[in-house]
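Below: one structure, written as structure tokens.
The values are calculated or read from the model by the stated rules, or taken from the named source; none is laboratory data. Since we're looking at a predicted model, the values are computed, not measured. Reconstructed Cβ throughout: ideal geometry from the backbone, glycine too, with neighbour counts over all protein chains shown.
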Amino acid sequence: MNLLNRYILTAFARVFGLALAAFAGIYLLVDFFERVDDFIEYKAHLSQYILYFTNKIPMIVVQVAPMAVLMGVFMSFGGLSRNNELTAMRASGISLWRITVPLLATALLITGTLQVANEFVVPLSAQKVNYILQIQVKGKPQLAIKRDRLWFREGNAIVNVRQALPEKNALQGVTIFKIGEDFRLQSRIDAPKATYVKGEWQFENTIVRQFPTDAPEVATIEHFDRKPAELTKTPDDFRTAERKTEELGVRDLRKMAAKLAEEGYDATRYRVDMQARLATPFASVIMAFLGIPFALQKKRGASLATGITISVAIGISYHIIQAMLLAFGYSAVIPPVVAAWAPNLLFGLFGVWLLLMVRE
């Protein structure tokens, strides 16, 4: 690494580190005020406060890192321009591309680091955060989970749910085994889908098999288009047992999507989240690319306040557009690949346009 690269990267690293710490600290502070009522209501211990917010740090860093990259590039380039160092470099025959390569390479390295963190660190920290909040603090019962299946007991019945979709008030692949006092199977209910409507579960396309005690090997079979389900749990109860997508790595999401699709269930959400998990870290490269023309256009006016304002505005705009497109992806309006990668493409094209507008 030559002297020029070290000089540029040192300026970038200083601003990037401060911005990352500042953005993460603000995020933690906001999250604290959102969650403190729950901790107080359930009389959480101090250790639970500490563990909860400590485990949230990896998730927060991954989310705010692109904004920190943008601010680091903007302020380091702005400093070079403000001190006429950029002009001196250009006068010495050093091209703009040569000056920007170290920053773009560092942004690519940060992207790789975020990809690794998304695969191995973030899922573990997300599991720990959800466990502390839902199980330890709120005291919700933990349902038995075998791979992607939920097993729990309802009175004298054992219930198996293939997939819980609490955000849609729905369950997929529900089987209920009713057991008698002598532990004999009395009936079996199979429903491909159950929806929660007006305070009760409704089974769809249900098959009910009754096993008489005098002849258990002979079953009577009935079919119902819709049938009330004797389940006392609400969709919120399944949020505890549901393994959220933030707790899964890219490989787990891919396996889950393939398995659900093979069994005939809707795997759109897992496909969208898998693509988003791959695409989001590349926002660091896009933000670095955006920061360069912004800094060059501001020239001597690249102040700290301007850098913060531009970084936050672009970062918020990116997340808003990403959230909108992901919502379209979840609804199957657009393909998962488009929903996840379109924000990077849009902001990347915007950066190219800004760079072309910069006067040599």
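Observations, loosely collected:
- Among the candidates ALA313, ALA276, residue that is in the same structural domain as ILE110 (by TED's automatic domain parsing), under 19 Å from ASN118 (Cα atoms) and either modelled with pLDDT of 90 or more or of a type in the set (Gly, Ala, Ser) (or both): ALA276
- Residue, modelled with the lowest pLDDT, within segment 194-220, restricted to residues that are assigned to a strand (DSSP E or B) and within 22 Å of GLU181 (Cα to Cα): THR220
Condition check ((1) crowded, with 18+ Cβ neighbours inside 10 Å; (2) in contact (Cβ under 8 Å) with a residue 60 or more places away in the chain) across all residues:
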position	(1), (2)
GLN48	no, yes
LEU80	yes, yes
ALA88	no, no
ILE94	no, yes
PRO102	yes, yes
ILE110	yes, yes
VAL116	no, no
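- Some residue of segment 60-77 being closer than 30 Å to LYS138 by Cβ, in the same structural domain as ILE308 (by TED's automatic domain parsing) and not hydrophobic (A, V, I, L, M, F, W, C): yes
- Check on PHE12, assigned by TED's automatic domain parsing to the domain that holds SER125, assigned to a helix (DSSP H, G or I) and in contact with a Gly (Cβ under 7 Å, 6 or more places away or on another chain): yes
- Scanning segment 128-172 for residues that are outside any helix (DSSP H, G or I) and among the acidic types (Asp, Glu), we see that the one that is modelled with the highest pLDDT is GLU154.
- The set of residues from segment 72-92 being of a type in the set (Gly, Ala, Ser) and within 22 Å of THR106 (Cα to Cα) comprises GLY72, SER76, GLY78, GLY79, SER81.
Rundown of residues vs (1) in the same structural domain as TYR49 (by TED's automatic domain parsing); (2) outside any strand (DSSP E or B); (3) of a type in the set (A, V, I, L, M), yes/no style:
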site	(1), (2), (3)
ILE94	yes, yes, yes
ALA126	yes, yes, yes
GLU181	no, yes, no
ILE189	no, no, yes
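- THR175 being farther than 30 Å from LYS255 by Cβ and either of a type outside the set (Phe, Trp, Tyr) or surrounded by fewer than 19 Cβ atoms within 10 Å (Cβ to Cβ) (or both): no
- Whichever residue in segment 178-218 is over 20 Å from GLY155 (Cα atoms) and touching a residue at least 24 places away in the same chain (Cβ under 8 Å) and, among such residues, is nearest to the chain's Cα centre (by Cα): THR195
- All positions within segment 247-269 that are modelled with pLDDT of 85 or more and of a type in the set (D, E, K, R): GLU247, ARG251, ASP252, ARG254, LYS255, ARG269
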